[in-house]
Each structure stands twice: as C-alpha cells, then as structure tokens.
Amino acid sequence: MRRWLATAAMAGLLALSACGGQEPGGTQATGGTAGGKQQVEVFSWWTGPGEADGLKAMVQIFQKQYPNYQFFDAAVAGGSGDKAKALLKTKLDGNQPPDTFQGHAGAELQGYIQDGKLEELNFLYDELKLRDVFPSQLVEQISVDGKIYSVPVNIHRSNVMWFNPNVLKEAGITAPPKTLDEFIAALEKVKGTGKIPLSIGSEWTVTHLLESVLLGSMGTDAYNALFKPGANWASPEVKTALEKFNTIMSYAGDPQDDWQPAAKQVADGQAAFNIMGDWAYGYFHNPPEGGLGKKSKVDFDWAPSPGTEGTYLWLSDSFTLPKGAKNREGAIAWLKVAASKEGQDAFNPKKGSIPARKDADKSLYTDYLADALEDWSGNKLAGSIQHGVAVNQPWLASINEAVGLYLGTKDVAALQQALDAAAKANLQ
C-alpha cells in the first residue's frame, strides 16, 4: 500500500505518539491498567470542539456501564483524520494496534480488511440485533462477503454550504445560491465588499470542496459513476466541473490551519461562505466552552452545496475491532456503547451528526439536525471522496496529492490528468 505522507512527516507523528494520549479529564494515558482498572485504548481524530464534546458524552456512558474499564483517549488531532490514519498504519504494521479505532464506513476500511487487520463483527450484530436498527444500505457498505467489520456511530453530510446571513445581506445577496453559476456570481458580489468570499482550511478541506463541486456540476448518477469500473475522469463533464472548481477557488481566502478556523471566519462575519461537513454545526452551535456559541439563522445559516440539493453526500464514522487488540473484551464493551441508542443519542447532537440507528430519539435532533434527518430519509445518496465512502486510502492519497499540486500551480489540465491517472491505477 502506498505511503500517505513523507518520511519526515511520519517521524513527527511517531514523536507525537510517544507523548501518549490524554483522557478527557486531562490525565496522561499510559496503557495497561490505571487505578486497578484495565485501560481501553480508543483511537480517533476527535479532538476539536463539538467532536470532542460528543466523544466525552459517550465516554461518560461507557465508564458508567463498564466501571471496571478505564477509557484511554488515543486521539490524534487533525481534521478528516489524515494524520491519525497515517499514524494508525504504522501501529497496525508494527502489530501494536489500539483496542479499537475510528474509521470511515465504506471503501476506507477495505485495505485494513484485505490486510487481515480486522476481526469481523457478525457475532456482535447478532447479539445486539443491529441489522434491525441500522439502515441496510449502511450495513452493506461496511460488509465484505457477508462479513461486517465496523460499528457505525453516526451519519454525516459532506455537501453543506455554511454562510453568514449578514455578510450576504451586505453584498446584496437575497438568497443562498442554488447552482454553481449562482454561487460564482455571489462570490463576486462578496468580493466587492472587501470580505472573504470563501474560507478554506488545510489541504484536505479543498478536496472536500472539490467533491461537492463535482457532484454539483455533474449530477448524482454521473458523480457516482466516477467510482465504478469504466469511469472516465478524462471526460468533458469532469473538465467542466474542474473549471468551475478553479473559478470558485479564485475567490478563496488565505488557507487556515484546519476546518475550525476557516468555519470561524464565517461565524465571525469575516467570510461569506464555507463548504464543510455538518460537524461544523456542533462547532458553531455548542456553548463557548466547547464551540462558538453562535445563534443559527442569525450568526450562521446553511443550505445544500450549490447544485446538490436533493442529494445527500454522506459518510459515517464507525469503530472497529483490530486483530491482536490488547484488551479485546474492553474494545467490545466500547463497541456496544457506540452501537447503542443511548450512546448515539448522547454523541450525535454534540458532534453535529445524525444517528446511524433508525430508532434514535428524534426530539433530540433540532435545527440543522432535524433538516438532516429529513433529507437522509428522502434524498438520493452519493458517497464522499475525502471521507472514505467512495475511494480507498491509496486512491484518496493520490487525489489529495493531485489537489496539493493544483494549489501550487492552479493548472486545471494537470489536475484532471492526475485525477484520471489515480482512477485508472485504483479502479480494477
């Protein structure tokens, strides 16, 4: 499998891992036992506001239901999990797996399964009757040859356009743009006010933007076909989408360190638009100790990414059972909490996502999350590129490499050539 990051970056990650993780209360995690309790090492990338709050809520349930175990937070910071997944690969290759780790449902897990790194979880699905409470399409995405390899804790939407109503009003924009051409026209109007038309974060957030533009330009069926045998990334339709993407990127502000500071520019009225997944809702909405404490429809608002209304560009966070886990029974205990109605209802409202379970308490999901629940049940579906549904990890690495080169050159033709080569190398 192709390495994801340069050797120097990997060395930095290994140095980070040597420092250990932090438990939610701030205690340094050491592995083994703590106060006579067996530690359960849970590896994720949930460290930012909103996501960390959701994790903490689920941890409280875990520690109440399983008092003989001590939660060990092995989270690695970095939006979308690129740094965490790179470090995870070294742990798995070195036969030092965490007890359980977060992974996106879909193609992202295929490499781990093919390499024999995961235990199948059919026994847990049978015990908890999870096939009855998870959507069948979701179970299908996390199964290989009838075997299920992860427990999904949520559903996220990638194609959300967040905007500041006051900045739009100042620019004379009376309604959120519905098409990519309307979006480009709105960006031009905002530019005339001196505000940032479009905020972006680190490199992965640009790939995140790209998937929404591809979907908005090509439509659902053509977008989904890009990830099936016979896909043609060299087509005129892809070229048109990439040209629109290039125009949109010409309105982007200076890249921020990650998605949170880019989203904050919108909430603070410095920028008009940001294309980001619905985890941004928890960050915008949660109280200041865990978010920005902003008021929806006043400080921020949302709409489907331009051109994508009626389609849910989806992803799902899930947890796995690695082979050789030091505390297998503790990991299974964590998976039971992650799968439970109580665990998902505690986690998702704070995370800014909707539950994977069909029987969750709908009264807990208000405002944006109520919209998401309704759309999930009725929209067409398309799988996220950046977040592991549509492409496996080597393919995503090639896409991110192509986007990174584009950011330096703004060469659309070279970007299309690189994306086409990546598809041909990974579609068998």
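Read-outs throughout are calculated quantities, based only on the coordinates presented, and are distinct from any laboratory measurement. In this text the structure is predicted, and so the values were computed from the model without any measurement. Note that we place each Cβ from the backbone using ideal geometry, even for glycine, and neighbour counts take in every protein chain shown.
Here are some notes:
- Zero-based 10 Å bins, Cα pair distances in region 203-335, whole percents: 10, 31, 29, 20, 10, 0
- For region 110-175, alpha-carbon Rg and Dmax in angstrom: 20.0, 58
- Note on the chain: GNM, Cα springs under 10 Å; of A303, A74, A390, the largest mean-square fluctuation is that of A303.
- Of Q114, Q344, Q39, the one that fluctuates the most in a GNM where the chain has Cα springs shorter than 10 Å: Q114
- Our compactness index for region 224-301, the C-alpha radius of gyration over the empirical 2.2 N^0.38 Å, is 1.46.
- Size of electric dipole in the chain: Cβ of Lys, Arg +1 and of Asp, Glu -1, about Cα centre, debye, nearest 20: 360
- 0 to 90° range, to nearest 10: angle between helix 236-249 axis and the chain longest Cα axis: 90
- If the segment from E329 to N246 were pulled out straight at 0.36 nm per residue, it would be longer than the present Cα-Cα gap by 24.9 nm.
- Summed side-chain charge close to M218 - residues other than M218 whose Cβ falls under 15 Å, Lys, Arg +1, Asp, Glu -1: -3
- For region 25-179, the equivalent ellipsoid derived from the Cα gyration tensor has semi-axes of 33, 23, 17 Å, listed largest first.
- Size descriptors for region 74-140: radius of gyration and Dmax over Cα atoms are 13.7, 37 Å.
- Binned Cα-Cα distance frequencies in region 162-257 - 5 Å width, integer %: 2, 12, 22, 22, 18, 12, 7, 3, 1, 0
- Normalised by 2.2 N^0.38 Å, where N is the number of residues, the alpha-carbon radius of gyration of the chain equals 0.95.
- Under-5 Å amide H pairs with E119, H placed in peptide plane, nonlocal only: L321, K323
- Nearest-0.05 FRET efficiency for E309 and S377, computed from C-beta distance (R0 22 Å): 0.90
- Compared with the direct C-alpha span, the chain from K362 to L128 gains 82.1 nm at full extension, assuming 0.36 nm per residue.
- Placed amide H near Q70: partners under 5 Å, 5+ positions off or other chain: Q38, Q39, V40
- Span per principal axis, largest first, for the Cα atoms of region 377-428 (Å): 41, 24, 15
- Cα-centred dipole magnitude for region 210-295, charges only on beta-carbon of K, R (+1) and D, E (-1), debye, nearest 20: 180
- Take the convex hull of the alpha carbons in region 289-428; its mean projected area over all directions comes to 12.9 nm².
- Taking Cβ atoms as reference points and 9 Å as the exclusive limit, the residues near L313 contribute a net charge of 0, counting Lys and Arg as +1 and Asp and Glu as -1.
- Taking amide H atoms as placed 1.01 Å from N in the peptide plane, the amide H of H156 lies under 5 Å from those of L315, S316, D317, each 5 or more residues away in sequence or on another chain.
- Mean projected area of the Cα convex hull of region 264-344, taken over all directions, amounts to 8.4 nm².
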